[in-house]
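The values are calculated or read from the model by the stated rules, or taken from the named source; none is laboratory data. All of these numbers come straight from a predicted model, not from anything done at the bench. With ideal geometry, Cβ positions are generated from the backbone for all residues, glycine too; neighbour counts draw on all protein chains shown.
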Amino acid sequence: MKPTDKTIEPINICFSSLFFHLNDMHNSQLLVFFTLFSAVKWVVGESGFCSENGYESNVIVTESIYHKVTNPTLSPIHLQDLPGFTRSVYREDHAVITPESHVFSPLPDWSNTMGAYLITPAMGSHFVMYLAKMQVLSRSALPSEDVERFLFVLQGTVTLTNVSGISQELLVDSYAYLPANFEHSVRCETSATLVVFERRYVNLRNLVPEQIVGSTAMQPLLDTPGEIFELRKLLPTSAAYDFNIHIMDFQPGEFLNVKEVHYNQHGLLLLEGQGIYRLGDNWYPVEAGDAIWMAPFVPQWYAALGKNRSRYLLYKDVNRNPL
């Protein structure tokens with residue numbers, strides 16, 4: 001809930017006065033104080049505390065549609081008072097990887113690009129999911145031999161050029177599928193953030209997938225019998241493609257009707273909103289910026305919370321016999 005100026009003013013005054021009495025507190029009282037202070041500070045925000053006039057500044061910030069992914073609420077600056085804390089969890093059949101535990105390093109063979117691997121075969125997956133933060137005059141590298149790639153723009157603008165020299169500009173909410181062994185490059189003049197999926201392509205009856213470029217808004221809403229969420233599929237459903245990417249939208253209070261248990265693997269990135277995800281016997285509060293890996297047959301279920309739409313991007317392997 002967004003606090004008003006009337007709620008911020010007494011909070012500022014109260015905490016300002018309390019700081020002068022810290023030396024008189026016992027250890028147990030200090031623990032309670034800092035716990036409450038951290039919680040209120042997280043809710044109100046940095047600008048709500050001890051500004052020059054005791055009120056929030058009226059600064060207008062232009063934000064992209066998925067700004068919470070690249071600027072999450074629980075980024076490291078908000079955890080200064082909670083050392084050692086993380087919501088990230090790794091289990092045998094699932095993982096929740098949250099922004100405060102991301103570790104970025106130079107992406108192999110990419111230029112001026114930092115990457116954070118969120119899902120890899122070391123977990124048990126048969127695909128890779130990672131964030132790529134492209135900086136000034138950056139350029140992608142090609143995947144390994146026989147590896148296909150899907151990229152989705154979260155922030156900024158990139159230029160995709162294929163082997164024929166045809167270039168296309170990809171904005172936020174745009175995406176591209178690049179078949180295995182398909183020469184291409186992704187360039188960025190300023191800065192951009194991508195989420196990238198890669199997996200080794202599984203051939204089937206000599207079917208050949210094609211390069212796909214599109215945006216979420218271009219894709220029609222599909223029927224979801226028995227469900228109330230909105231579904232878009234970003235790739236063709238034909239047998240040439242061995243995975244698909246779904247965009248799923250939930251209004252506050254909406255949830256999955258089916259408590260899913262299936263042979264497919266999932267890689268998920270929450271793009272907007274917040275909710276509760278059930279994985280196995282565990283229930284996880286999640287929000288924009290969180291990534292989830294789901295192994296085959298792990299029970300899974302989602303419900304949207306809060307006041308705004310919840311949207312996530314979901315990888316799903318399809319069209320192949322699990323044998």
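Can you say whether ARG187 is assigned by TED's automatic domain parsing to the domain that holds GLN265, among the basic types (Lys, Arg) and within 27 Å of ALA239 (Cβ to Cβ), as far as the supplied structure shows? Here the answer is no, as ARG187 does not meet what is asked.
Those residues that are over 21 Å from HIS102 (Cβ atoms) and at pLDDT 95 or above, I need them from region 283-306; list them, please. Result: TRP283, ALA295, PRO296, PHE297, VAL298, PRO299, GLN300, TRP301, TYR302, ALA303, ALA304, LEU305. For region 133-165, a tally of residues being outside any strand (DSSP E or B) and modelled with pLDDT under 95 returns 3.
Among the residues of region 247-254, is any surrounded by 14 or more Cβ atoms within 10 Å (Cβ to Cβ), in contact with a Pro (Cβ under 9 Å, 6 or more places away or on another chain) and either over 20 Å from PRO99 (Cα atoms) or not charged (D, E, K, R) (or both)? The answer is no; no qualifying residue exists. Beta carbons closer than 9 Å, at least 6 apart along the sequence or on distinct chains, pair a first residue in region 283-299 that is at positive phi and in contact (Cβ under 8 Å) with a residue 60 or more places away in the chain with a second that is among the β-branched types (Val, Ile, Thr) and outside any strand (DSSP E or B) for GLY289/VAL69; GLY289/THR70; GLY289/THR73; GLY289/THR98; PHE297/VAL261. Residues considered: LEU235, LEU194, LEU222. Of these, the only one that is aliphatic (A, V, I, L, M), within 27 Å of GLN300 (Cα to Cα) and surrounded by fewer than 13 Cβ atoms within 10 Å (Cβ to Cβ) is LEU222.
Is it the case that region 62-82 has a residue that's at pLDDT below 95, exposed (fewer than 12 other Cβ atoms within 10 Å of the Cβ) and on the phi > 0 side of the Ramachandran plot? Within region 62-82, none of the residues are at pLDDT below 95, exposed (fewer than 12 other Cβ atoms within 10 Å of the Cβ) and on the phi > 0 side of the Ramachandran plot. Cβ-Cβ contacts under 6 Å between residues 6 or more apart (or on different chains), taken from a first residue in region 307-323 that is closer than 25 Å to TYR263 by Cβ and crowded, with 20+ Cβ neighbours inside 10 Å to a second residue that is of a type in the set (Phe, Trp, Tyr) and at pLDDT 95 or above, are listed as TYR315/PHE197; ASP317/PHE243. Scanning region 140-158 for residues that are more than 15 Å from VAL195 (Cα to Cα) and surrounded by 14 or more Cβ atoms within 10 Å (Cβ to Cβ) yields LEU142, VAL147.
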